[in-house]
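Here is the structure we will look at.
The values are calculated or read from the model by the stated rules, or taken from the named source; none is laboratory data. Quantities reported herein were computed from a predicted structural model and do not represent experimental measurements. Backbone-built Cβ (ideal geometry, glycine too); neighbour counts: all protein chains shown. Note: accessible area is taken over every heavy atom of the protein model, side chains too, but ligands, DNA and RNA are not part of it. Shrake-Rupley method; radii C 1.70, N 1.55, O 1.52, S 1.80 Å.
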Amino acid sequence: MTTNSSTYSVGTPGTPWGDNEKAQWLANQSVKRSYQDEVLSKLEPLSQHFVVEQYGALSCDPARYPLHIVKTRNWNNSKPTILVTGGVHGYETSGVQGAIRFLETVARDYEQHFNVVVAPCVSPWGYETINRWNPKALDPNRSFYSNSPAEEAAFLMAGISKLSANFALHIDLHETTDTDNSEFRPALAARDGIKQKNWNIPDGFYLVGDTEDPQPEFQKAVIESVEKVTHIAPPDDNGQYIGAPQEQWGVINYSAKKLGLCFGMTNARFRTTTEVYPDSPNVDDENCIQAQVAAVRGALKFLI
């Protein structure tokens, strides 16, 4: 199915948005849930065992949207470091809650092997408004590069660089939802004044590896861990997930750094993006969170 700007409520078909259209789009957004209640309040108890550190705040409302990382209290530069990120796309709920659940339940089990760093909600405005973009109609997960126009990406890159860490792993927690086709790809087509092809949303979990360094055995280990918790998405009739060819069961590859994706922000040897399908009739919110935690655990078990 082809989606173009004529199917979206903002803008003129075939014409990229200017400042007026972006302002109209922003005016249409509204807060639907609480970052304070669902994220920040869960970070406070973690300070008993971890360092909870602010690395920035969104300019649209700094008091409402502080940005935090949670890291190992007994930091040791001789250890490799693992990075877990969630909520780069704020609407992808289990990425945020899965990162928090990992901290709450099993992260301390790995402190003997690694320094642990978790950024549980990179895009808090997006979390509250259930949005893929930030207030400037920019996709943070296409903005991880030097002089980034998306402050969500810029703040995270700056905060992580200050750690001067030896990253062994970066796992970025995401979802693919039905709204990708019903809202976000039509909005993208309208914003850019182009046509977009929609694809079938994969029913189940899958991974996105890095085209330049795919690490297939690592990706396989993560899939095998998640399979114990939830189902892996089968490819479509063309052998693809979201328009990309299946590389192995449950895995596709993207060019992480070229596309400005979050999981390409470090030079970690092992890196991947998880994709959970929360709209499947075979899962619920809890199962999606458990799948994210299982992915992180599978990745760490492989490293150990």
_Dimensionless Rg ratio for segment 111-250, taking C-alpha atoms and the 2.2 N^0.38 Å reference_ = 1.18
*For segment 33-38, in order, what is each residue's ³J(HN,Hα) by Karplus, 6.51 cos²θ - 1.76 cosθ + 1.60 with θ = phi - 60°, in whole Hz (x at glycine and Pro)?*
7, 9, 5, 4, 6, 9
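Per residue, how much accessible area does the chain show when a 1.4 Å probe rolls over the protein heavy atoms, in square angstrom? Intermediate values should be presented prior to the final figure.
Working: 12930 Å² over 304 residues.
Accessible surface, normalised per residue, equals 43 Å².
Under the rule a/c < 1.5 gives rounded, and otherwise a/b versus b/c splits prolate from oblate, where does segment 37-94 land using the Cα gyration tensor? Walk me through the numbers on the way to the answer.
Working: a/c = 1.82, a/b = 1.63, b/c = 1.11.
It comes out prolate by the Cα gyration axes.
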*Using +1 on the beta carbon of Lys and Arg, -1 on that of Asp and Glu, and nothing else charged, what's the dipole of segment 116-204 about the Cα centre, debye to 20?*
340
*Using the Cα atoms of the chain to build a convex hull, what is its mean projected area in square nanometres?*
14.7
*Could you work out the per residue convex hull volume over the alpha carbons of segment 110-192, in cubic angstrom?*
120
*Report in % the part of the accessible area of segment 126-172 that belongs to carbon and sulfur, leaving out ligands and nucleic acids; probe 1.4 Å.*
51
_Relative contact order (%) - segment 49-125, alpha-carbon pairs under 8 angstrom, separation at least six_ = 37
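Just the number, please: carbon plus sulfur as a percent of the accessible area of segment 232-294, 1.4 Å probe, no ligands or DNA/RNA counted. Could you put the intermediate results ahead of the total?
Values: 1180 of 2730 Å².
Here carbon and sulfur together make up 43 percent of the probe-accessible area.
Give the shape of segment 209-259 as rounded, prolate or oblate, defined through the alpha-carbon gyration tensor: a ≥ b ≥ c are the square roots of its eigenvalues, a/c under 1.5 means rounded, and otherwise the shape is prolate if a/b is larger than b/c and oblate if not.
Numbers: a/c = 2.30, a/b = 1.21, b/c = 1.90.
In terms of gyration-tensor shape, oblate.
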_GNM flexibility winner over the chain from Gly250, Gly126, Gly193 (Cα, springs under 10 Å)_ = Gly193
_Candidate lysines for bridging to Lys71, where Cα separation is under 22 Å - those fewer than 8 sequence places away on the same chain excluded_ = Lys42, Lys79, Lys162, Lys301
*Which of the listed residues, Asn166, Ala153, Thr105, is farthest toward the dipole's positive end in segment 63-205, when Lys, Arg count +1 and Asp, Glu count -1 at the beta-carbon?*
Asn166
*Using modelled amide H (1.01 Å from N, peptide plane; none on Pro or chain starts), what sits under 5 Å from the amide H of Val251, excluding residues fewer than 5 places away?*
Leu207
_Reachable lysines from Lys136, criterion Cα separation under 25 angstrom, eight or more residues apart if same chain_ = Lys22, Lys32, Lys195, Lys197, Lys257, Lys258
